Amino acid sequence: MAHRGVEIYPNPNNPTHREVPVLWVVLIGPPGSGKTPTLYTATSPLHRFERDLAKENEAAEKDYERALAEWSALTKEERAREPKPQPPDPKRLVLGDATPEAIAKVLAANKGVAVILDEFKGLLQSWNREDRSQGRSLFLSSYYGAGAPVDRIIRGTTYLEKPQITLLTGIQPGPWRTVVLGAFSKSGDADGFLERITPVLMEMGPLEKEPPPLRQAVADAYHDFFRDLWEKDLPARLTPTPGAYRLWQEFRFESLRASRNKEESDPWKSYLAKRYNLAARLAGILAVAWGEVLITEDAMTKALVLLHEVLEPHIQAAWQVGEIGDLGPAYRLARRLQKGDIQTLTTRQVYTRRLAGIGTSHEAQQALRVLEGAGWVVFDRQAKRYKVNPRIRELKEGGHAD
């Protein structure tokens with residue numbers, strides 16, 4: 001949708017408030033958690049379209065070379081009357097190595113692009129280099145589809161009018177913690193970049209010699225869905241119905257009020273202050289996916305449910321992981337709790353009984369904080385114990401715990 005230039009205007013009373021269907025998704029997990037396979041399975045339709053575009057670009061380049069040769073064969077007088085052929089703008093959809101110049105070149109000819117990288121940390125580190133220092137500001141501008149000038153070494157400054165960059169990447173828990181602590185330290189770069197990320201925690205699944213095959217019908221339906229987005233007409237401008245707007249306004253007020261809670265951590269408050277904009281994006285994406293030309297009340301409702309029940313447990317736990325670090329104890333304790341024979345527990349019980357191999361108070365506190373953020377346990381202040389969410393047993397049967 002970013003490639004098609006779709007724009008979302010969630011507030012009818014404020015025509016300057018514009019969102020774009022851009023998400024920055026970062027998968028967080030240890031080695032072997034499946035970050036890279038997940039990235040490339042999810043984006044496989046985009047790579048297929050990219051191959052088609054590469055063929056079109058190759059044909060356009062050959063046509064250009066042929067036209068240039070014909071123009072060069074003209075006499076000087078004939079060339080003065082005929083405009084010199086110009087090289088074709090490359091059509092692109094996916095980028096890997098995301099240098100500012102490479103992105104600017106692509107976005108000069110395309111409304112949006114998906115940057116797909118194995119390692120998020122490498123992207124952040126690259127922006128410390130002088131020749132790539134514009135990268136961070138370019139990404140921030142693209143998150144809202146705002147105009148951005150990019151200085152290019154050879155061809156001067158390129159002005160991108162409404163760039164849109166979708167980011168999909170991965171990172172391990174240790175480097176993620178470094179990124180979070182750096183962003184929210186007193187000397188950190190508090191530009192809001194990190195709060196715009198939608199992190200997803202990758203859980204280590206059971207080891208299987210032969211993982212269950214992906215049904216061909218599911219794969220075909222997934223690719224057909226993207227093909228429809230690629231080929232069919234999409235609305236250039238999405239606005240909400242009155243019912244959808246009322247829901248969004250209530251959610252906006254609730255989010256801003258929650259962001260002023262002094263008891264919350266700074267990363268979580270920063271997210272709360274922006275989450276109503278993420279809700280508008282999700283509603284717009286759903287509306288387009290359903291073939292609608294307006295954001296309906298149903299689309300907004302589904303977006304809020306998706307945010308509350310699916311994404312926010314990941315987001316909250318990711319900030320806690322950023323503060324805590326190693327996810328290993330939390331993963332092990334989660335597996336232990338799934339057996340279903342423990343309904344309540346204390347921090348002390350975890351490390352004195354060496355549950356899941358946890359032998360220190362510090363590890364126990366870290367693990368329980370992560371699981372609390374993910375909704376696996378909840379702390380009962382009156383009983384001073386953690387209660388285990390009974391629905392985690394459903395995960396053993398293919399379900400999902402809240």
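The values are calculated or read from the model by the stated rules, or taken from the named source; none is laboratory data. Since the model is a prediction, treat every value here as computed from it, not as a measurement. So basically every Cβ, Gly included, is an ideal-geometry build from the backbone, and we count neighbours across all protein chains shown. For accessibility, only protein heavy atoms count, side chains too; no ligands or nucleic acids. Shrake-Rupley method; radii C 1.70, N 1.55, O 1.52, S 1.80 Å.
Could you please give the count of residues in segment 33-52 that are open to solvent by 60 Å² or more (accessible area, probe 1.4 Å) and among the aromatic types (Phe, Trp, Tyr)?
Of the residues in that region, 1 qualify.
Can you pull out every residue in segment 266-295 that is over 23 Å from residue 2 (Cβ atoms) and open to solvent by 40 Å² or more (accessible area, probe 1.4 Å)?
Across segment 266-295, the qualifying residues are 266, 269.
Starting from segment 82-103, take each residue that is in contact (Cβ under 8 Å) with a residue 60 or more places away in the chain and list its partners that are part of a loop (DSSP other than H, G, I, E, B) and not acidic (Asp, Glu), counting only C-beta distances under 6 angstrom and pairs at least six apart or across chains.
Listed pairs, sorted by first residue: 93/3.
Checking the structure you have, find out if any residue of segment 360-376 is surrounded by fewer than 20 Cβ atoms within 10 Å (Cβ to Cβ), in contact with a helix residue (DSSP H, G or I) (Cβ under 6 Å, 6 or more places away or on another chain) and part of a loop (DSSP other than H, G, I, E, B).
Yes, the conditions are met somewhere in segment 360-376.
For segment 94-129, give me the residue count where each residue is farther than 23 Å from residue 181 by Cα, part of a helix (DSSP H, G or I) and open to solvent by 30 Å² or more (accessible area, probe 1.4 Å).
Going through segment 94-129 one residue at a time, the tally reaches 3.
Would you say residue 135 is open to solvent by less than 10 Å² (accessible area, probe 1.4 Å) and in contact with a helix residue (DSSP H, G or I) (Cβ under 6 Å, 6 or more places away or on another chain)?
yes
Does segment 53-69 hold any residues that are open to solvent by 20 Å² or more (accessible area, probe 1.4 Å) and in contact with a Leu (Cβ under 9 Å, 6 or more places away or on another chain), and which are they?
None; the set is empty.
Is there a residue being open to solvent by 60 Å² or more (accessible area, probe 1.4 Å) and under 29 Å from residue 179 (Cβ atoms) anywhere in segment 336-345?
No, the conditions are met nowhere in segment 336-345.
Under 6 Å by Cβ, and 6 or more places apart or on different chains, what pairs join a residue from segment 115-132 that is without any contact (Cβ under 8 Å) to a residue 60 or more places away in the chain with one that is basic (Lys, Arg)?
126/132; 127/136
Taking the options 301, 241, 344, name whichever one is of a type in the set (Ser, Thr, Tyr) and out of contact with any Leu (no Cβ under 8 Å at 6 or more places or on another chain).
That would be 344, the only listed residue that is of a type in the set (Ser, Thr, Tyr) and out of contact with any Leu (no Cβ under 8 Å at 6 or more places or on another chain).
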